[in-house]
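Below is one structure; the comments refer to it alone.
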Amino acid sequence: MSENPRARLSDIAEHAGVSEATVSRVLNDRPGVSTTTRQAVLTALDVLGYERPIRLRGQSGLVGLIVPELENPIFPAFAQVMETLLAQYGYTPVLCTQTPGGVTEDEYVELLLDRGVAGIIFVSGLHADATADYSAYRALLERGLPVVFVNGFAEGVDAPFISDDDVAAMDLAVTHLTSMGHRRIGLAVGPSRFVPVVRKRAGFISAMCRLTGIGEHEAADLVTHTLFTVEGGQAAAHHLLGLGVTAIVCGSDLMALGAIRTIRQRGLRVPEDISVVGYDDSRLIAFTDPPLTTVRQAVGEMGTAAVQALLDGINGTPAPRDEFVFRPELVVRGSTGPAVSDHA
């Protein structure tokens, strides 16, 4: 360490491109300094060979990122966007993946707290389950830990939420299919306790009533709740084909692949006999047979917004406690075509 504190402050300030007062605030771990500036000062300390003050050595620069699983390609896509951006701001993400029977979300949170994370981003977690207990989230907020939630909404939790517009997604899909003459359209989605599912169902029923003229009850009968998996898509398609649909909108791309499998097992063709629309536009979906028409989530924009909201919270300038809804985009490929006839 230099014997002249003033010289040391000026050296660090010059190297980091900030004022000496800012360096002093960082070294004394005081608020009012942006994440990028704080990181620049700490980097200058390291580069110039100065020891970090003891109070700063324990700052891990870690951020928790909790996702449901990695089998659905949409979750690695979210994780990649967030990891890249966090790294640019000097943070190291700790990716926590849930699997059935494995470590629970609450257990992951405890592990992350033990490691001294600066904040946590939850993707499609318990906050998306309308039947879940949100007390653990409130406890995190009470202790001042910045948290951000992606795709889901927990009533009474005072934090930023980043969501895809599920209602608009269904409107896009149904509008596309009705424009090609489809009137009997089915919806295959996941369990009804999830907030995004409730919203998709409502958006689908509203669009069907408006665009085909059927009643709410009839439209609701064309909704099948199953699992967000290939197998779930297969089961849903089996039921919906029995109702005579000519097109199926699915709550995930994996479900759409399952639906296509069932359609082909019935000796029918996609899209000549049955049209299929997916949801997510996850990687490699453009290369399926046929290439899948799908509703694309704004993964890049949503991931960026989630990281920015978290960094704002870490920085002491929290983002508005509100839900930020991003509009999806319909990507038309080869799995949808004109309606030919009803299939009983």
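Scanning the stretch 138-151 for residues that are modelled with pLDDT of 95 or more and either surrounded by 23 or more Cβ atoms within 10 Å (Cβ to Cβ) or touching a Ser or Thr at 6+ places or on another chain (Cβ under 7 Å) (or both) gives 148, 149, 150, 151.
Here's the yes/no breakdown for (1) modelled with pLDDT under 75; (2) in contact with a strand residue (DSSP E or B) (Cβ under 6 Å, 6 or more places away or on another chain); (3) outside any loop (DSSP other than H, G, I, E, B); (4) surrounded by 13 or more Cβ atoms within 10 Å (Cβ to Cβ):
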residue: 41; (1), (2), (3), (4): no, no, yes, yes
residue: 60; (1), (2), (3), (4): yes, no, no, yes
residue: 64; (1), (2), (3), (4): no, yes, yes, yes
residue: 72; (1), (2), (3), (4): no, no, no, yes
residue: 76; (1), (2), (3), (4): no, no, yes, yes
residue: 81; (1), (2), (3), (4): no, no, yes, yes
residue: 90; (1), (2), (3), (4): no, no, no, yes
residue: 93; (1), (2), (3), (4): no, yes, yes, yes
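Does any residue of the stretch 267-277 turn out to be buried (at least 18 other Cβ atoms within 10 Å of the Cβ), within 25 Å of residue 71 (Cβ to Cβ), of a type outside the set (A, V, I, L, M, F, W, C) and assigned by TED's automatic domain parsing to the domain that holds residue 170? Scanning the stretch 267-277 turns up no residue that is buried (at least 18 other Cβ atoms within 10 Å of the Cβ), within 25 Å of residue 71 (Cβ to Cβ), of a type outside the set (A, V, I, L, M, F, W, C) and assigned by TED's automatic domain parsing to the domain that holds residue 170.
Kindly evaluate residue 206 against the criterion of being closer than 24 Å to residue 128 by Cα, over 18 Å from the mean Cα position of the chain (by Cα) and touching a residue at least 24 places away in the same chain (Cβ under 8 Å).
Details: closer than 24 Å to residue 128 by Cα: yes; over 18 Å from the mean Cα position of the chain (by Cα): yes; touching a residue at least 24 places away in the same chain (Cβ under 8 Å): yes.
Yes.
Taken over the stretch 289-325, the residue count meeting the criterion of being under 26 Å from residue 188 (Cα atoms), among the β-branched types (Val, Ile, Thr) and surrounded by fewer than 19 Cβ atoms within 10 Å (Cβ to Cβ) is 1. Considering each residue of the stretch 154-167, count those that are modelled with pLDDT of 95 or more and within 15 Å of the chain's Cα centre (by Cα), and give that number. The qualifying residues number 7.
Does the stretch 211-224 contain at least one residue that is under 29 Å from residue 82 (Cβ atoms), surrounded by fewer than 22 Cβ atoms within 10 Å (Cβ to Cβ) and among the hydrophobic types (A, V, I, L, M, F, W, C)? Lay out the reasoning, then the answer.
If we filter the stretch 211-224 for residues that are under 29 Å from residue 82 (Cβ atoms), which is where we start, we get none.
No; the residues of the stretch 211-224 include none that is under 29 Å from residue 82 (Cβ atoms), surrounded by fewer than 22 Cβ atoms within 10 Å (Cβ to Cβ) and among the hydrophobic types (A, V, I, L, M, F, W, C).
Scanning the stretch 176-210 for residues that are surrounded by fewer than 21 Cβ atoms within 10 Å (Cβ to Cβ) and over 28 Å from residue 125 (Cβ atoms) yields 176, 178, 179, 180, 181, 183, 184, 209, 210. Looking across the stretch 283-333, the residues that are of a type in the set (D, E, K, R) and closer than 18 Å to residue 65 by Cα come down to 301, 312.
Within the stretch 294-335, restricting attention to residues that are touching a residue at least 12 places away in the same chain (Cβ under 8 Å) and among the hydroxyl-bearing types (Ser, Thr, Tyr), which residue is nearest to residue 196 (Cα to Cα)? The qualifying residue nearest to residue 196 (Cα to Cα) is 294.
The values are calculated or read from the model by the stated rules, or taken from the named source; none is laboratory data. Please read all numbers here as calculations on a predicted model, not as lab measurements. For neighbour counting, all protein chains shown are included, and Cβ atoms are generated from backbone atoms with ideal geometry for every residue, glycine included.
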